[in-house]
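Take a look at the structure below.
The values are calculated or read from the model by the stated rules, or taken from the named source; none is laboratory data. Small disclaimer: the values here were computed from a predicted structure and weren't measured. Every residue, glycine as well, gets a Cβ built from its backbone with ideal geometry; the counts of neighbours run over all protein chains shown.
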Amino acid sequence: MKRRLGILLALAVLGIAGVAVLAGTNPAGHPWFPKCVFHESTGFHCPGCGITRALHALLQGRFVEAFSQNPLVVLCLPFLLYGIVIEVAAYDWNCPKYITQRFTTEEIADIVGPLHNRIAELEAQLTS
């Protein structure tokens, strides 16, 4: 559990740092961002470049420009963020200490016992 929490915390820190860098620097003309091989060779913007430019525009609050750069990112980003939040929150929801036990081991054995007996009978018939 501590390992998972550490991994989630590290990913959160890296994500926040990445968002801060992307918000503060323009990916179109900054030397930190590599040149796009696809754009250099064809002259067309690739989807990866569009994602980066759209995220930069979103972080700057320019929603129309972000939508024009890559509409799919603008439409899917809320669902992606929701999924990440649910994944982190679901860890606590599915923790065994929060799941109420409905049946005891003896009750399950009583229910499944006749099934095991029937399977044994059928296996005995197959071997004879």
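A quick yes/no check of all residues on (1) more than 28 Å from L9 (Cα to Cα); (2) of a type in the set (F, W, Y); (3) modelled with pLDDT of 85 or more; (4) not in a loop (DSSP other than H, G, I, E, B):
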| site | (1), (2), (3), (4) |
| --- | --- |
| H30 | yes, no, no, no |
| P34 | no, no, no, no |
| T52 | no, no, no, yes |
| G61 | no, no, yes, no |
| F67 | yes, yes, yes, yes |
| L77 | no, no, yes, yes |
| G83 | no, no, no, yes |
| Y91 | no, yes, no, yes |
Considering only residues that are within 24 Å of the chain's Cα centre (by Cα) and either in a loop (DSSP other than H, G, I, E, B) or of a type in the set (V, I, T) (or both), which ones fall in region 11-28?
V13, I16, V19, V21
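I need a count of the residues in region 36-46 that are exposed (fewer than 12 other Cβ atoms within 10 Å of the Cβ) and either of a type in the set (D, E, K, R) or in a helix (DSSP H, G or I) (or both).
Residues in region 36-46 being exposed (fewer than 12 other Cβ atoms within 10 Å of the Cβ) and either of a type in the set (D, E, K, R) or in a helix (DSSP H, G or I) (or both): 4 in total.
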Quick count over region 2-22, residues being out of contact with any helix residue (DSSP H, G or I) (no Cβ under 8 Å at 6 or more places or on another chain) and either within 16 Å of T52 (Cα to Cα) or acidic (D, E) (or both), is 6
Which ones in region 1-24 are touching a residue at least 12 places away in the same chain (Cβ under 8 Å) and surrounded by 11 or more Cβ atoms within 10 Å (Cβ to Cβ)?
L8, V19, L22, A23
